[in-house]
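J.: Before anything else, here's the structure in question.
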Amino acid sequence: MRTQQVGVVRTTPWWARVVVGVVVLGLLFFLLGRADLLPGIPNPFEEKTTVRSGPVLLKSIQDLNRFEGASGNFQVVVDLDKDAKFLPDAIRGKRTLYVGAGSVDAYVDFGKVGDDAVQVSDDRKAATVRLPHAALERASLDTKNSYVVSQQRGLFDRIGDFFSGNPGNMQQLNELAVSKIQTAAKQTNLAGRAEANTRSMLERMLTSLGFTKVTVTFGPPPGTPTPTATTRSASPAS
């Protein structure tokens, strides 16, 4: 009895041959490009290097627009006393003790950074940034946590407040509280804290971009004239 062997012929699918051809062609371009054997044909696998120069870094900082570096919470007491001449307080007079709570934010305006405010070393390792000094936002009053402690009103004032619909003259109290909070914020080191936090933020950001030495200063550009008081000489007496 004879045994006949039947051979099975396996054919490669057309799409597999296309994939293999593309891979081989790409590898050939890569090797020839690395060896500079194809000067007229751009290498599709060529590495792209981006250099962070001064103007590019300046634009990145300006895009930050404004950085809220610090915020302070304040509580002030407003003592508003109104009286009338020749009338006793029981008839005409009003005294209100009001506690105003609010906050003030300190920020650095990156939009005001000049074209020469960012300097980058030749080796792209050191960067110097000069920023304007921090400024204070207008105080924001927290009306939910502001309240009247006590209030004394004369007879005429009680009648007037009843018809005016504003018994405590709250608008004036709120304005006085905002003004006192703003004054209190100026007497603190809130702006200094904002500058310190801004400096730390920029140092971390620029270090992550590859800079090993980052210097951040605050103030006007060098050579900026400072206003001076004008002194008038007294005219000689005749």
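The values are calculated or read from the model by the stated rules, or taken from the named source; none is laboratory data. Only a predicted model underlies this, so the values are computations on that prediction, with no experimental measurement involved. Cβ placement follows ideal geometry from the backbone for every residue including glycine, while neighbour counts extend to all protein chains displayed.
J.: Do the conditions hold for Ser200, that is, is it at pLDDT 90 or above and either surrounded by fewer than 14 Cβ atoms within 10 Å (Cβ to Cβ) or of a type in the set (D, E, K, R) (or both)?
T.: yes
J.: Mind listing whichever residues of segment 113-143 are closer than 25 Å to Gly210 by Cα and among the basic types (Lys, Arg)?
T.: Scanning segment 113-143 gives Arg124, Lys125, Arg130.
J.: Name every residue in segment 113-133 that is surrounded by 14 or more Cβ atoms within 10 Å (Cβ to Cβ), small (Gly, Ala, Ser) and outside any strand (DSSP E or B), in order of residue number.
T.: Matches in segment 113-133: Ala117 only.
J.: Scan segment 169-220 for residues that are among the polar types (S, T, N, Q) and not in a helix (DSSP H, G or I) and jot them down.
T.: Of everything in segment 169-220, those that are among the polar types (S, T, N, Q) and not in a helix (DSSP H, G or I) turn out to be Asn169, Gln187, Thr188, Asn189, Thr212, Thr215, Thr217.
J.: Looking only at residues that are of a type outside the set (Gly, Ala, Ser) and surrounded by 19 or more Cβ atoms within 10 Å (Cβ to Cβ) in segment 89-104, which one is farthest from the chain's Cα centre (by Cα)?
T.: Step by step, filter segment 89-104, then rank; the result is Lys94.
J.: Do you know which of the residues in segment 134-150 that are assigned to a strand (DSSP E or B) and modelled with pLDDT of 90 or more is surrounded by the fewest Cβ atoms within 10 Å (Cβ to Cβ)?
T.: Tyr147
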